[in-house]
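Structure first, commentary second.
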Amino acid sequence: MNKSNSNAPTQRSIIKQGAVKADYSQETIYSIVDDAVMGVVAIATENGPFALPMAIARIGEHIYLHGSRSSRLMKYLAEGNEVCICITHLDGIVVARSGMHCSANYRSVVVHGKGIEITEPEEHAELLYQITHKIIPGSDGDYRKHLSKELKATALVAIPLAESACKIRVGGPNDDKEDLDLPFWAGVIPVTQVYGEPVPSGDLRPGIATPGYALHHKR
């Protein structure tokens, strides 16, 4: 792990609070991003700050965001403006003997960057396929081709991962030494994400079996 602040890609990506939990390694950052389906995308406009949860997908060294061309957020990003993306996975609730020491185990990434609009038609269409395959692994080829009107209505923006950092907490509570003999329970309540059994669409044509990527979906 690259934990030293000297490994931070830029000054503003340095993790100062709880710096011992910082990690700037590309491998760790990519793994946290790849485990996510959603991220919180935040911008600052002349009308004030604005944040929105969005589906995300990492392809290579970029996070890709897609949405309606009429969206104010997508318009803002397509113009090359600054954006911040936050991704967090909650792995456990940490219960301490003191309320002030209760915490959480988590993996998080914060990305700073500028939007890069994808305008080349073939690249635009292909990346939209790849985004779907990233969000639903194994589903390649299980869709009809994009319609021209869909492509025309959908904006696609890449956000470089070059300026990003992650923060991770693991382990049990960090109680004060003088509290260790108190008669209160302390420990970790694990948090896991479980994918359930697929529910077929009510208008599904008879005879279409549930595919393996839906039956065994995992990240």
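Where a number appears in this text, it was derived from the coordinates with a stated rule and is not lab data. Not measured: the values here are computed from a predicted model. Backbone-built Cβ (ideal geometry, glycine too); neighbour counts: all protein chains shown.
Here is how the numbers come out for the structure above:
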quantity	calculated
Subset of segment 153-166 (residues that are among the small types (Gly, Ala, Ser) and either over 27 Å from the mean Cα position of the chain (by Cα) or assigned to a loop (DSSP other than H, G, I, E, B) (or both))	162
Condition broken by residue 146, with the remaining ones in (1) under 23 Å from the mean Cα position of the chain (by Cα); (2) under 30 Å from residue 73 (Cβ atoms); (3) not hydrophobic (A, V, I, L, M, F, W, C) satisfied	(1)
Counted residues, segment 5-42 - those being touching a residue at least 12 places away in the same chain (Cβ under 8 Å) and not in a helix (DSSP H, G or I)	18
Enumerated strands (runs of 3 or more DSSP E) restricted to segment 43-152, each holding at least 2 residues that are closer than 30 Å to residue 212 by Cβ and of a type in the set (A, V, I, L, M)	48-55, 57-59, 62-68, 82-95
Close pairs (8 angstrom Cβ cut-off, 6 or more residues apart or separate chains): free of Cβ contacts under 8 Å to residues at least 24 places away in the same chain and farther than 27 Å from residue 216 by Cβ in segment 185-196, assigned to a strand (DSSP E or B) and not β-branched (Val, Ile, Thr) anywhere	none
Positions within segment 20-56 being in contact with a helix residue (DSSP H, G or I) (Cβ under 9 Å, 6 or more places away or on another chain), surrounded by 13 or more Cβ atoms within 10 Å (Cβ to Cβ) and either farther than 30 Å from residue 154 by Cα or polar (S, T, N, Q) (or both), in sequence order	22, 23, 24, 25
Search result, residues across segment 167-200 that are at positive phi and part of a loop (DSSP other than H, G, I, E, B)	171
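Each row is one residue, and each column tells you yes or no for (1) among the aliphatic types (A, V, I, L, M); (2) under 30 Å from residue 176 (Cβ atoms); (3) surrounded by fewer than 18 Cβ atoms within 10 Å (Cβ to Cβ).
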residue: 80; (1), (2), (3): no, no, yes
residue: 84; (1), (2), (3): no, no, no
residue: 100; (1), (2), (3): yes, yes, yes
residue: 114; (1), (2), (3): no, no, yes
residue: 123; (1), (2), (3): no, no, yes
residue: 127; (1), (2), (3): yes, no, no
residue: 131; (1), (2), (3): yes, no, no
residue: 135; (1), (2), (3): yes, no, yes
